[in-house]
């Protein structure tokens, strides 16, 4: 099945490489052949094993591709973007603040996940209820504004204008308040609350990119939801025996998750690929989840 789906996986990678907006993240993977290799590694050798997810938004669709192995998500994204047309603008990249999600090998306009910043305050809300409630209410108002733009189906430019008018003053006020609390020593910088303040303030430009660049997202939640498929698979199957087995999962999960995101039934989609493997190899672009010929209902 993975062999029949390979042309489609390659086509999805090609489309993802040309997308204006990409999100990325990774989670750990268990591959027994890599575990065996780790027993022979020397000090300083890389031993981690990961499954990374790249979620690209292109022409109103979401394309999901997975890659498993020793490379981090940023390294896999760099390989993906090698296929990008050099005449295209640098993509918008949404990720959390981990350095593993970026790479000097590619240019991108990087946004960091506002939900991760919010999570820092949820973790310490019990000890600092008033201060955390102030931050959480402000971020909640920004998310409300974003939901308004989605319900109104605003274009990226219209959405940017809306956030500049309604969300930027909220975020500027929050930044001024947090900075004042730290400088006035009303919040101890080395406390858990001070750590939450500093986490956001150090990444402020990237966390407010949605107020600067059309199409920028608020968070990386879509990618993290896509990674749940990987996590559930890991819990159920426990491990892959080899990197080839992990590659099979990457191909099939990419097709399944992209089909789900595009409103196609993944079981019927994979069955159609299997029945029409020769046609898929000849014209993979005609057999993507949003374009493949549906069998008539019986």
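Values in this text are rule-based calculations from the coordinates and carry no lab data. Fair warning: this is a prediction, and the values are worked out from it, not measured in the lab. For neighbour counting, all protein chains shown are included, and Cβ atoms are generated from backbone atoms with ideal geometry for every residue, glycine included.
Summary table
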{"item": "Where labels lie 7 Å past Cα in the beta-carbon direction, separation of residue 127 and residue 43 in nm", "result": "3.6 nm"}
{"item": "Nearest 10 degrees, 0 to 90: helix 192-202 Cα axis against the chain principal axis", "result": "70 degrees"}
{"item": "Value at 222 nm in deg cm²/dmol, rounded to 500, when DSSP H runs of n ≥ 4 in the chain each add -39,500 (n - 2.57)", "result": "-16500 deg cm²/dmol"}
{"item": "Compactness of the stretch 1-58 as Cα Rg over 2.2 N^0.38 Å, two decimals", "result": "1.53"}
{"item": "Spread of Cα-to-Cα distances over 10 Å intervals beginning at zero, given as percent, for the stretch 114-211", "result": "16, 48, 26, 10, 1"}
{"item": "Sorted by Cβ density within 10 Å, fewest first, the residues 26, 107, 96", "result": "107, 96, 26"}
{"item": "Estimated FRET transfer efficiency (residue 278, residue 87; beta-carbon r; R0 35 Å; 0.05)", "result": "0.55"}
{"item": "More than 27 Å apart - percent of Cα-Cα pairs taken over the chain", "result": "50 percent"}
{"item": "Relative contact order computed over the stretch 157-298 (Cα-Cα under 8 Å; 6+ residues apart), in percent", "result": "17 percent"}
{"item": "Fully extended contour minus Cα-Cα distance, from residue 212 to residue 2, at 0.36 nm per residue", "result": "71.5 nm"}
{"item": "Whole-Å distance, taken between Cα centres, linking the stretch 192-255 and the stretch 1-47", "result": "14 Å"}
{"item": "Kirkwood-type radius of the stretch 249-298, with distances r between different C-alpha atoms, in Å", "result": "11.0 Å"}
{"item": "Largest-first principal axis extents of the Cα set of the stretch 149-298 (Å)", "result": "69, 42, 27"}
